Amino acid sequence: MEYILLIIGAVFVNNIVLTQFLGICPFLGVSNKTTTAIGMGVAVVFVITLATTVTWLIQHYVLNVFGLEYLQTITFILVIAALVQMIEIILKKMSPSLYQALGIFLPLITTNCAVLGVAILVIQNDYDLATGVIFAAAKALGFAFALVIFAGIREQLETLELPKAMRGVPSALIVTGILALAFMGFTGLVK
């Protein structure tokens, strides 16, 4: 039951992009089409889960052991960048079709602050490895969920005749605010 509450809380109540405002840049930049949003969402789920696992291990078995906790942020950034590069190289060799499908998404994830934010949240909340991985996967699913919803709404906005000043980014920001308010409706559902 504890894991179910953790997942619901991470996906809906404390959505990484709509309530904690991490990952806004890719959220706004990659959400023009639903297919693109789904691809980015899948890539983010994979990278956040893997990066959190690796950073948790480094934090507990290297940084804490040698008293180097102050190097956490820079270490996590380097690990995330290296992981994304390794994943990109492996996918290019092992599955060229998947590599082509993900395209620009993998390099974009390197600069996604949600990846670093989730890794740091897991350490700050003092989760064990299993709980941290579940939390990270749920946060990533929440990001993907919000991204796909937002992309669907933006596709519908393209069919409307909006005033010239409201087209593009202004309408996207208004929709983001409304989505954030909608997700705030889940506040109090879970701790």
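The values are calculated or read from the model by the stated rules, or taken from the named source; none is laboratory data. Just so it is clear, the model here is predicted, and its values are computed rather than measured. These area figures cover heavy atoms from the full protein model, side chains too; ligands, DNA and RNA do not enter into them. Shrake-Rupley method; radii C 1.70, N 1.55, O 1.52, S 1.80 Å.
Working with all protein chains in place, sort Cys25, Cys113 by solvent-accessible area computed with a 1.4 Å probe, largest first. Walk me through the intermediate numbers first.
On the way: Cys25 110, Cys113 65 Å².
From most accessible down to least: Cys25, Cys113.
If a/c stays under 1.5 just call it rounded; otherwise compare a/b with b/c (prolate if a/b is bigger, oblate if not). Do that for the range 1-47, with a ≥ b ≥ c from the square roots of the Cα gyration tensor eigenvalues. Numbers along the way, then the final one.
On the way: a/c = 2.72, a/b = 1.73, b/c = 1.57.
Prolate, because a/c is 1.5 or more and a/b exceeds b/c.
Can you bin every Cα-Cα distance in the range 61-191 into 10 Å intervals starting at zero and give me the percent of pairs per bin, rounded to whole numbers?
Final binned percentages: 10, 27, 31, 24, 7, 1, 0.
Hey, can you find the accessible area per residue of the chain for me, probe 1.4 Å, expressed in square angstrom? Don't skip to the end; give the middle numbers.
Details: 10150 Å² over 191 residues.
With all protein chains present, the chain gives 53 Å² per residue.
If you wrap a convex hull around the C-alpha atoms of the range 108-175 and split its volume per residue, what is the figure in Å³? Walk me through the intermediate numbers first.
Working: hull volume 6.8 nm³, N = 68.
Considering the Cα atoms of the range 108-175, their hull volume per residue is 100 Å³.
Over the chain, with a Gaussian network built from C-alpha contacts below 10 Å, which listed residue (Gly67, Gly39, Gly168) shows the highest mean-square fluctuation?
In this elastic network of the chain, the residue with the biggest mean-square fluctuation among Gly67, Gly39, Gly168 is Gly67.
Could you please state how large a percent of the accessible area of the range 15-83 is carbon and sulfur, counting protein chains only and using a 1.4 Å probe? Each step should come with its number before you reach the end.
Working: 2410 of 3170 Å².
The nonpolar share, carbon plus sulfur, comes to 76 percent.
One-quarter of the Cα convex hull surface for the range 1-149, in nm²? Could the numbers behind the result be given before it?
Numbers: hull surface 35.3 nm².
Averaging across all directions leaves 8.8 nm² for the Cα convex hull.
Could you tell me the distance between the Cα centroids of the range 5-58 and the range 110-138, to the nearest Å?
For the range 5-58 versus the range 110-138, the Cα centre distance is 10 Å.
Rank Gln85, Gln72, Gln156 by mean-square fluctuation in a GNM of the chain with C-alpha springs under 10 angstrom and give only the top-ranked residue.
The residue that fluctuates most here is Gln156.
Which residue, Val62, Val79, Val54, tops the fluctuation ranking in a GNM of the chain built on C-alpha contacts under 10 Å?
Val62
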